[in-house]
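What follows is calculated from the coordinates using simple rules that are stated; it is not laboratory data. Small disclaimer: the values here were computed from a predicted structure and weren't measured. Backbone-built Cβ (ideal geometry, glycine too); neighbour counts: all protein chains shown.
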Amino acid sequence: MTKSTEARLIKTALKALKNSYSRHSGFKVGSALLSKAGKIYPGTNVEFDAFSLTVCAERSALFGAITHGARKFPAIAVATSSEEFVYPCGLCRQALVEFNPNMEVILINSKNKVKKIILKDIIPNYFKL
C-alpha cells in the first residue's frame with residue numbers, strides 16, 4: 001500500500017470517528033476499509049438502548065463494502081477515542097478474517113499515533129466452515 005493510500009485510509013477513519021453514535025459508552029470508533037479496487041468504505045460504531053443491536057465500526061464498514069459489491073480487502077484502519085491502541089473485537093476479527101487473513105490492520109489512538117499489525121496474528125485458529 002502506498003503512503004498516500006495509507007494516509008487517505010487513516011483520514012477517513014478519523015473522520016468516521018467523529019460520527020460515532022456512542023451515547024451509552026462514550027467510546028468512539030471510526031474505521032475505513034480499503035477494497036482491492038482502491039475504494040475506501042467508512043464505518044462507525046452505533047450503539048442502541050437494546051445493546052444486542054449495537055454494531056462495531058469495523059463491521060459497519062464491512063457491511064457497506066459488501067453492499068456495494070466489494071469482496072477483497074487488503075487493509076483496514078481503526079481509530080478510537082482511547083489513548084491506548086484498541087484492537088478490533090472478536091466478532092469483527094472473525095468477520096474480517098473471512099475476507100483476508102493477511103489484511104493489514106492500522107490502529108490509530110486519540111493522539112494520532114499509529115500501530116500496524118496483520119489480522120491473522122490477532123485471531124489465531126479462527127473459525128472456517
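What to note about this one:
- Region 65-100-region 35-57 distance, computed between alpha-carbon centres (Å): 9
- Pairwise alpha-carbon distances in the chain exceed 24 Å for 20% of all pairs.
- With a simple spin-label model that places each label point 7 Å from the Cα along the Cα-to-Cβ direction, the separation between LYS3 and ASN102 comes to 2.4 nm.
- Value of relative contact order over region 1-72, rounded to a whole percent, pairs C-alpha under 8 Å and six or more apart: 25
- Percentage relative contact order, region 3-122, counting C-alpha pairs under 8 Å, at least six apart: 22
- Residues in region 113-129 carry Karplus couplings, in order, of 7, 10, 9, 10, 9, 9, 3, 4, 6, 10, 9, x, 6, 5, 6, 9, 7 Hz; the curve used is 6.51 cos²θ - 1.76 cosθ + 1.60 with θ = phi - 60°, and Gly or Pro positions show x.
- Taking other C-beta atoms within 10 angstrom as a stand-in for reagent exposure, THR5, THR12, THR67 fall in the order THR67, THR5, THR12, fewest first.
- Listed by chain and number, the lysines whose C-alpha is less than 17 Å from the C-alpha of LYS36, apart from same-chain residues fewer than 8 away, are LYS3, LYS72.
- Going from the fewest other Cβ atoms within 10 Å to the most, the residues LEU62, LEU107, LEU53 appear in the order LEU53, LEU107, LEU62.
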